[in-house]
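First comes the structure, then the notes that go with it.
The values are calculated or read from the model by the stated rules, or taken from the named source; none is laboratory data. Remember, predicted model here, so these are calculated numbers, not experimental data. Neighbour counts are summed over all protein chains in view; Cβ atoms, including those assigned to glycine, are modelled from backbone coordinates with ideal geometry. Surface accessibility is based on the protein's heavy atoms, side chains included, excluding ligands, DNA and RNA. Shrake-Rupley method; radii C 1.70, N 1.55, O 1.52, S 1.80 Å.
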Amino acid sequence: MGRTAKAARNAWKAPFAALALFGSLALGASLALPSDASANKVGVAAAVKPDAFSGGKQIKIGKSIFYNERINTNGEGLVQVLLVDGSTFTVGPGSDLVIDKFVYDPSKNEGEIAASFSKGVVRFVGGKISKSPDSVTVKTPSGALAIRGGMFQGSINSQGAIFSFLYGDQLVLTGSNGQTYRVFQPGYTLDLTGGTPRVRPTTAADTNMIMDSLRGSGRAVAGGTGGGNGTGGDGTGGNSGNSQNQQTRDNSIDPFESIETIITDATTTIINQQIQNQENTANPKPNPNPNPTPEPTEPTKTAVYTGFAGGTIYSDTPAGFINSVGSPEDGGFNFNLVQYSDGSATSRMILHDAPYRDPVVTKYDFSFASDNGVNFTPTLTVYDSDYLPYPNSFAATNFRESGPEGFCQQCSFMKWGAVTGAMGFGSGQGGYSDYMATTAPTYWVASNKLTSPVQIDNLEAQNANARYAGDVLGSVLESNGQNVTRSTHETGSFTLDWYFADRSGDMNMYFDGRHFGGELDQVGSQNLFTGALSNRGQLGNPSGFASGAFVNHNGPAGAVIGNWAIKDTNNYQAGGIFAGPGIGPVPQ
């Protein structure tokens, strides 16, 4: 069951590269956004593999892209368009893309992007404009796609279309009949190949098909207008008044290398610098104020939420590898969320290899930061089997608060949410990550009203007891040993009968048709409890653990929150969170 670096490269390096910027450093060229951009200039060709044409003439990286300009690729072509707000469209072989509309106000980071994509393969990575609702629309033969603050990729061919949601708030398709289809969770796909659109989990076949296309090595044609007649097969891009002579460029670079080596901070830095230069030109800084305003003071903490996170992770190294993650098995908080007076927020989540079955990972240590408390940027450190950090770790994950699952809606004493996305880690030598994994997803629950140890001691002195009841939420993975055959989230319920004088209680969980439970014990004098779970039902033979803490709600220790993880043979893994209020004393 060892997860090997060689298998990781073969199975995962292309899919995770889909989440990286296809930058200019990979092709050995500088990226430049012209400072004298005319009103209808919307961006540049940031990456071309290996040839690109405008009006039938060869161009170089940095060629300006204009409003209403048609971009065609031939059977093996690949080109990326970087818009001035930082958004990117990457199109693969046999594709047709038109930027129909682009409006951007750098001073407000607001605007509108409208594009038409009629065939081929595309990936969109949202920039500053996409953070606003209803700001990005991509017209397709199946309807209009809208995405907020995120990333999607898709394919349109003779069999129909698929559009996979990679990151962000939501992906929405409005059909020609006005019917709306929404994807809220990254890792799911809008499938239109069967006639009627449906939402389903994204498969490895979906990702591999798109990534195989985005390793194209033919020609790309940029030119003509949206209403023109541009074609890609013969290298003529239609008529364009913006065409220009360009020099031939040698692009004899291995397709894997050109994608993988751009996963660097330097590439992102250069692109961000060029975007900032564009904004500074459009909005020059005012003359220095002779009476400057004093520097603002550091923001102060307004709320600190502490709690638990748990879920499942899958990988193709080895094929079909699945695992549950959460608190260390001996208990402990593994999540916090801090909110500040200026609206910013930070979070940390540490996911331990709960069942100790992962031979290469002991824990994933995430940090998240947000300027507005909504859009979080992740950083990641992954620890190996010797509890040492891997030299190279990175994440493309989406952090969200609450969600469509509707967890414990009566629980005003807590916050909850999820983290989804992909992680890469390893030696980092040669631009590769040795291992890849995906959260499927991981859920978190936290409160700023944790019960103090003194309050728990007082309840012990009163010989108090309580029954708690509430909701269970978790992700489920099943594998046949070669492939992940099931990836879903499920809801359930629990009860916990707690005896404060004994510092212990009995938990029962009902989840995904299974019934499991066990005795939980307080950890020393802390506000923590943990214990093993085992089968108490008729379906399967689940086993695992739960950890939790008391929360003040209508009095001391009036509610509980926590996480849990189980397995039912190595082919079934599940994990998640629980929360619920006290509903009275333990029945006699």
> Out of all the residues in segment 427-452, which are more than 20 Å from His352 (Cα to Cα), touching a Ser or Thr at 6+ places or on another chain (Cβ under 9 Å) and at pLDDT 95 or above?
Replying inline: Ser447, Asn448, Leu450
> Just wondering, is there one or more residues in segment 474-497 that are within 18 Å of Leu528 (Cβ to Cβ), open to solvent by less than 20 Å² (accessible area, probe 1.4 Å) and at pLDDT 95 or above?
Replying inline: yes
> Which residues, taken from segment 486-495, are without any contact (Cβ under 8 Å) to a residue 60 or more places away in the chain and in contact with an Asp or Glu (Cβ under 6 Å, 6 or more places away or on another chain)?
Replying inline: Arg486
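Tell me, yes or no, whether segment 424-440 has at least one residue that is among the aliphatic types (A, V, I, L, M), in a loop (DSSP other than H, G, I, E, B) and touching a helix residue (DSSP H, G or I) at 6+ places or on another chain (Cβ under 6 Å).
no
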> Restricting attention to segment 562-576, which residues are polar (S, T, N, Q) and under 13 Å from Asn480 (Cβ atoms)?
Replying inline: Thr569, Asn570, Asn571
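For the structure I just gave you, tell me whether Asp365 is open to solvent by less than 50 Å² (accessible area, probe 1.4 Å), over 20 Å from the mean Cα position of the chain (by Cα) and either over 19 Å from Phe578 (Cα atoms) or among the hydroxyl-bearing types (Ser, Thr, Tyr) (or both).
no
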> Name the residues in segment 496-531 that are touching a residue at least 60 places away in the same chain (Cβ under 8 Å), assigned to a strand (DSSP E or B) and in contact with a Gly (Cβ under 8 Å, 6 or more places away or on another chain), would you?
Replying inline: Leu496, Asp497, Trp498, Tyr499, Met509, Phe511, Phe529, Thr530
>> Can you say whether Thr193 is out of contact with any Pro (no Cβ under 6 Å at 6 or more places or on another chain), of a type outside the set (D, E, K, R) and either open to solvent by 20 Å² or more (accessible area, probe 1.4 Å) or within 21 Å of Arg400 (Cα to Cα) (or both), as far as the supplied structure shows?
In response: yes
> Tell me, which residue of segment 329-371 that is free of Cβ contacts under 8 Å to residues at least 40 places away in the same chain and assigned to a loop (DSSP other than H, G, I, E, B) is farthest from Ala440 (Cα to Cα)?
Replying inline: Gly343
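State all residues of segment 171-205 that are assigned to a loop (DSSP other than H, G, I, E, B) and more than 19 Å from the chain's Cα centre (by Cα); if no residue qualifies, say none. Spell out the reasoning first.
Within segment 171-205, the subset assigned to a loop (DSSP other than H, G, I, E, B) is 176-179, 184-187, 192-197, 202-203.
Within segment 171-205, Ser176, Asn177, Gly178, Gln179, Leu192, Thr193, Gly194, Gly195, Thr196, Pro197 qualify.
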> Within segment 372-396, can you find the residues that are assigned to a loop (DSSP other than H, G, I, E, B), over 20 Å from Gln170 (Cα atoms) and open to solvent by 50 Å² or more (accessible area, probe 1.4 Å)?
Replying inline: Ser385, Asp386, Tyr387, Leu388, Pro391
> Does segment 532-568 hold any residues that are assigned to a strand (DSSP E or B) and surrounded by fewer than 20 Cβ atoms within 10 Å (Cβ to Cβ), and which are they?
Replying inline: Ala532, Ser534, Asn535, Ser543
